């Protein structure tokens, strides 16, 4: 049962913050969230192509009988290589040339590659064959005619879904980066083909993104920072709307707290691209643990999905354009998840303290911290816990707080540094008399005194960066 | 594939608001959210008892071969009856005495009751038997030792989970009220038995709840409003902590916008109670469509769960009390979901307008409205759309808004009444000159003019009920 994870109290708060960052960005661009079933019947997955082609190439060790994904074995052996969609005979040839052996027992591999389905099958009712969804995207496409109604036939429009998806990976690994159950966040923009270079997408043209084109990948290790407007003119990117979608991914990962210098956009190789994709790039994040890692796919899926579902359902999935002509919409997709960015925050920002040996601090951006404020009575007597509790309840209306009364104050500071809590509020002897408290800043460990009646506003401004700690 | 639902743009916003209301209440009581796998292996469900006993009694129509749940057939025939856990022979007898026929073809039922498992089975890896979880609760119990660590052995503490669960109902019905996939929200309070009458629970003692005890259910149709302190003294409720948990459910349903007069607490009959439950009540909501409907179960599950999982896992699931003695925790549970309250809001508050024939308004509490503000340029020219868009972007930082420029202004007001939008902001000719707008209130349809620079603050105060519309 590897590949299934529990998020504990702090992890779940962190993940919720990541998910709310995503909502914030999509909503800013007038997109609406939807929630679709996580289980759908066989026919849906025949239409989407998942039942036919959604498999991993598996090879068995002749000695210990363990199963491995061939493409991953090769990529781990040669980290610069992206295997992508490759024929079985080519995989076997590469495996043989590199003389790869079983990572567990060093045994030899067999000569046969098996196609292992990633779909988790179940039964609904008495005997209806159904599957846990392998992605949210397909489930988002099906209610297309309802969206057409809600948006009153005005295109382009966007919907997104944040929800569970399932892939029966044969070797789940790397923590939540490659789980069998995970939370996807996928947005779909429905658009008429003649709108793809619409001037509304010009608002992204001045954004500068680190683009690593297919051409660049042959020679240079670094992406080049290019204005999206220029990239479209130079035909590195096919349409303005696709450039806009790339920029949306760029905004998302910044809002989720990933430092820009750790982000790059890698263009798919021609032989790696799904057959229906017109333009395809990945957003990659440079992780301390694993190097550059795929975090988000941006695809122009053209009419593929709606045409497939139209064919399999027998229901017309088209809308009328401005000239009242029926057409199938194209779909621009941003496909990512919330487990990987959550992991990335820990990977990038959880660090050892320089000055205190063996101590750690989670230096993530303040707006993403699981707990925003810790309220600490200096001592567990003389009215301090009572006043602290009052302060805690007051702040609780605005921020995710924790009330923490046990252990020495220094230990409680350390504990909250480790959790990433931006501000510790301490209630001491003077607080009882002067109705004020100390605020301690996580990153500088500086402390200031603030009146209790001004505390909520001060913290609000600090967290929204409308006030610096030095200016209190 | 009945029993699987999609929430569209407005439905999902509503459901998110319901879920955030739940978070607000639990967090206020120092409880922490967790997220656990939605798929677990066979052994977990053997331990929880779901694989053995989690079945519905099914009967087949001898004519059209349709399957039905016997208990629900009986309850629909006699709405005053709660069937609960009843032996097969008794179910058959009641069915025969009432002379019930197949609701589809009026055919006769057979003589055999089948046990239909509600579990949805799947496979993980190559051959590991696993199931989509039928509830969140069990998955919340398993990481008990981790919680013990996070809360540093201080009891009682509470954790909650909001997430998907699956029941392969044979006849899903009543919209999202009885789906096959649904979102549960379940909180678990871990407590030592000697803490169950702890004075910390006295804070709930003055709350007055509409209690409909088992005794009352024999004679009277109405619950009696009783102070929880008195209910504990009269032994209607066994412990202070259980009374506190009932009150938590009461707070939750109020925060979710359900009017108090539509809520009652119904004590379980002795023969309806799960065998491990020490105290068990349901919170019921009076729906316009279906009458009193179960919305939430509050259970004292005692040591049942941790003991079972200890037995099946072979891992000690105990913690040390204040005297350093190892004990198994008791669990107080609030089990409900977010689909039913979302439905309840529509059921209760979506109504026909009195004065305008054929028109509807969704009069739900403002803080739960899917869209808080609609921004409407009066006309699509002369700078109005540009200014409206500016206002929309300004408000978008604070509220879930919609920008709506098409159709006559009256039609746009009606559209937003139907969606439940509390406030419509109109940008008209005067707005361009005076930098002000009109605010229209959904429930009174009154309008006021407000300066654009004061708009955000005014709307914030209105939505937080710190300002009345009349006082603008």
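The values are calculated or read from the model by the stated rules, or taken from the named source; none is laboratory data. Predicted model only: the values in this text are computed from it and were never measured. Here the Cβ positions follow ideal geometry from the backbone for every residue, glycine too, while neighbour counts run over all protein chains shown.
Numbers at a glance
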{"read-out": "Of the criteria (1) in contact with a helix residue (DSSP H, G or I) (Cβ under 6 Å, 6 or more places away or on another chain); (2) within 14 Å of chain A (Cβ to nearest Cβ), which one residue B:385 fails", "value": "(1)"}
{"read-out": "Flag for residue A:62 being at pLDDT 90 or above and exposed (fewer than 15 other Cβ atoms within 10 Å of the Cβ)", "value": "yes"}
{"read-out": "Checking residue B:307 against (1) under 27 Å from residue B:151 (Cβ atoms); (2) out of contact with any helix residue (DSSP H, G or I) (no Cβ under 9 Å at 6 or more places or on another chain); (3) part of a loop (DSSP other than H, G, I, E, B), the condition it does not meet", "value": "(3)"}
{"read-out": "Qualifying positions in the range B:1-33 - in contact (Cβ under 8 Å) with a residue 40 or more places away in the chain and farther than 25 Å from residue B:370 by Cα", "value": "B:2, B:29, B:30, B:31, B:32"}
{"read-out": "Criterion: away from chain A (no Cβ under 14 Å), part of a strand (DSSP E or B) and either within 19 Å of residue A:124 (Cα to Cα) or touching a residue at least 24 places away in the same chain (Cβ under 8 Å) (or both) - qualifying residue of B:79, B:57", "value": "B:57"}
{"read-out": "Residues of the range A:392-403 classified as buried (at least 20 other Cβ atoms within 10 Å of the Cβ) and in contact (Cβ under 8 Å) with a residue 24 or more places away in the chain, total", "value": "3"}
{"read-out": "Residue, nearest to the other protein chains (Cβ to nearest Cβ), within the range B:89-106, restricted to residues that are assigned to a loop (DSSP other than H, G, I, E, B) and surrounded by fewer than 16 Cβ atoms within 10 Å (Cβ to Cβ)", "value": "B:104"}
{"read-out": "Residue in the range B:115-123 that is touching a strand residue (DSSP E or B) at 6+ places or on another chain (Cβ under 9 Å), assigned to a loop (DSSP other than H, G, I, E, B) and more than 14 Å from every other protein chain (Cβ to nearest Cβ) present", "value": "no"}
{"read-out": "Qualifying positions in the range B:415-451 - away from chain A (no Cβ under 14 Å), in a helix (DSSP H, G or I) and surrounded by 18 or more Cβ atoms within 10 Å (Cβ to Cβ)", "value": "B:417, B:431"}
{"read-out": "Residue in the range B:176-186 that is touching a residue at least 40 places away in the same chain (Cβ under 8 Å) and under 30 Å from residue B:322 (Cβ atoms) present", "value": "yes"}
{"read-out": "Options A:191, A:170, A:162: the member that is within 14 Å of chain B (Cβ to nearest Cβ), touching a residue at least 24 places away in the same chain (Cβ under 8 Å) and under 23 Å from residue B:9 (Cα atoms)", "value": "A:162"}
{"read-out": "Failed condition for residue A:125, given (1) within 30 Å of residue B:132 (Cα to Cα); (2) within 30 Å of the chain's Cα centre (by Cα); (3) without any contact (Cβ under 8 Å) to a residue 60 or more places away in the chain", "value": "(2)"}
{"read-out": "Qualifying residue in the range B:7-14 (condition: at negative phi, touching a strand residue (DSSP E or B) at 6+ places or on another chain (Cβ under 6 Å), facing chain A (nearest Cβ under 9 Å) and assigned to a loop (DSSP other than H, G, I, E, B))", "value": "no"}
{"read-out": "Top-ranked residue in the range A:125-138 [being in contact with a strand residue (DSSP E or B) (Cβ under 9 Å, 6 or more places away or on another chain) and modelled with pLDDT under 95; ranked as farthest from residue A:189 (Cα to Cα)]", "value": "A:126"}
{"read-out": "Subset of the range A:139-149 (residues that are touching a strand residue (DSSP E or B) at 6+ places or on another chain (Cβ under 9 Å) and surrounded by fewer than 17 Cβ atoms within 10 Å (Cβ to Cβ))", "value": "A:145"}
{"read-out": "Test for residue B:155: is it within 11 Å of chain A (Cβ to nearest Cβ) and surrounded by 16 or more Cβ atoms within 10 Å (Cβ to Cβ)", "value": "no"}
{"read-out": "Criterion violated by residue A:68 - all others in (1) within 8 Å of chain B (Cβ to nearest Cβ); (2) more than 18 Å from the chain's Cα centre (by Cα); (3) surrounded by 20 or more Cβ atoms within 10 Å (Cβ to Cβ) satisfied", "value": "(1)"}
{"read-out": "Filtered residue count, the range A:238-277, keeping only those that are within 23 Å of the chain's Cα centre (by Cα) and part of a loop (DSSP other than H, G, I, E, B)", "value": "10"}
{"read-out": "The range A:395-410: number of residues that are assigned to a helix (DSSP H, G or I) and either modelled with pLDDT under 95 or away from every other protein chain (no Cβ under 14 Å) (or both)", "value": "3"}
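Per-residue answers, yes or no, for (1) buried (at least 19 other Cβ atoms within 10 Å of the Cβ); (2) in a loop (DSSP other than H, G, I, E, B):
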| residue | (1), (2) |
| --- | --- |
| A:289 | no, yes |
| A:296 | yes, no |
| A:312 | no, no |
| A:322 | no, yes |
| A:332 | yes, no |
| A:345 | yes, no |
| A:355 | no, yes |
| A:376 | yes, no |
| A:382 | no, yes |
